[in-house]
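Here the structure comes first, spelled out in structure tokens, and everything after it is commentary.
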Amino acid sequence: MINIVLFGKPGAGKGTQAEFLKEKYNLTHLSTGDIFRFNIKNDTDLGRLAKTYMDKGDLVPDEVTIQMLQSEVDKNPDSAGFLFDGFPRTISQAQALDAFLASKNQEITATIALDADDEILVERLLERGKTSGRADDQDEEKIRNRYQEYNEKTAPLIDYYNQQGKFYSVNGIGAIIEITERLSQVIESL
Ligand code: AMP
């Protein structure tokens, strides 16, 4: 069983790559952003709460996010492994994930980052915002706030996983298929 965290700044291509990797390695793809958006679309209590944070480009509080993620993992007891996309995004989330997986005699196998320059990514997100319908992709100020959240709260995870000897990084710029290949090389080396 392998459990992979796909790591990277907003717009780095995590969702795109997850679509290929989940098929290739038979992994259950869990994107917290997608799950929140699903809840918003269905107007659930969780969706209404998450929206107030997401629309501003702020992170949704840890407690809510961790509980949601754990219940999604529990919905897939027969999974051959998970591909976490957009989670964890804070040290508390990473600690909770480690403890939760340990309680099931499992662990994170590797965290793999898609590395890319901020300015390229901001442009990419503004471009995506023209068609994605996502409020948080359409306004440069909100996008910048997402990067600030990333730098303050998410970037410390690089050290967290490095200390566990589980952090890998690949160049996230290039053709989609080339990047899938770079990620595959890391996964197959594990
Ligand atoms: P994403 O689709 O991964 O870009 O996430 C979109 C938005 O959902 C983020 O800007 C946050 O507001 C929220 N979100 C997604 N994942 C998390 C998480 N792990 N922790 C907190 N907020 C999250």
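The values are calculated or read from the model by the stated rules, or taken from the named source; none is laboratory data. Please read these numbers as outputs of a predicted model, since none were measured by experiment. Here the Cβ is made from the backbone with ideal geometry for all residues, glycine too, and neighbour counts use every protein chain on show.
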**Prompt:** Which one of these does residue 90 not meet: (1) modelled with pLDDT of 95 or more; (2) surrounded by fewer than 19 Cβ atoms within 10 Å (Cβ to Cβ); (3) out of contact with any Gly (no Cβ under 6 Å at 6 or more places or on another chain); (4) not aliphatic (A, V, I, L, M)?
**Reply:** (2)
**Prompt:** Out of 176, 108, 187, 120, which single residue is over 27 Å from residue 38 (Cβ atoms) and among the aliphatic types (A, V, I, L, M)?
**Reply:** 120
**Complete:** Counted residues in region 82-120 being touching a helix residue (DSSP H, G or I) at 6+ places or on another chain (Cβ under 7 Å), part of a loop (DSSP other than H, G, I, E, B) and not polar (S, T, N, Q) come to 6
**Prompt:** Looking at region 37-71, which of its residues are among the hydroxyl-bearing types (Ser, Thr, Tyr), surrounded by 14 or more Cβ atoms within 10 Å (Cβ to Cβ) and either more than 8 Å from the ligand (Cβ to nearest atom) or in contact (Cβ under 8 Å) with a residue 12 or more places away in the chain (or both)?
**Reply:** 65
**Message:** Regarding region 101-109, can at least one residue be identified that is surrounded by 14 or more Cβ atoms within 10 Å (Cβ to Cβ), within 14 Å of the ligand (Cβ to nearest atom) and either in contact (Cβ under 8 Å) with a residue 12 or more places away in the chain or under 25 Å from residue 180 (Cβ atoms) (or both)?
**Reply:** no
**Message:** As an exercise: evaluate residue 83 against (1) within 15 Å of the ligand (Cβ to nearest atom); (2) of a type in the set (A, V, I, L, M, F, W, C); (3) farther than 28 Å from residue 117 by Cα and give the number of the one condition it does not meet.
**Reply:** (3)
**Request:** Spot the failing condition for residue 153; the list is (1) within 13 Å of the ligand (Cβ to nearest atom); (2) out of contact with any Phe, Trp or Tyr (no Cβ under 9 Å at 6 or more places or on another chain); (3) more than 25 Å from residue 70 (Cβ to Cβ), and only one is missed.
**Result:** (3)
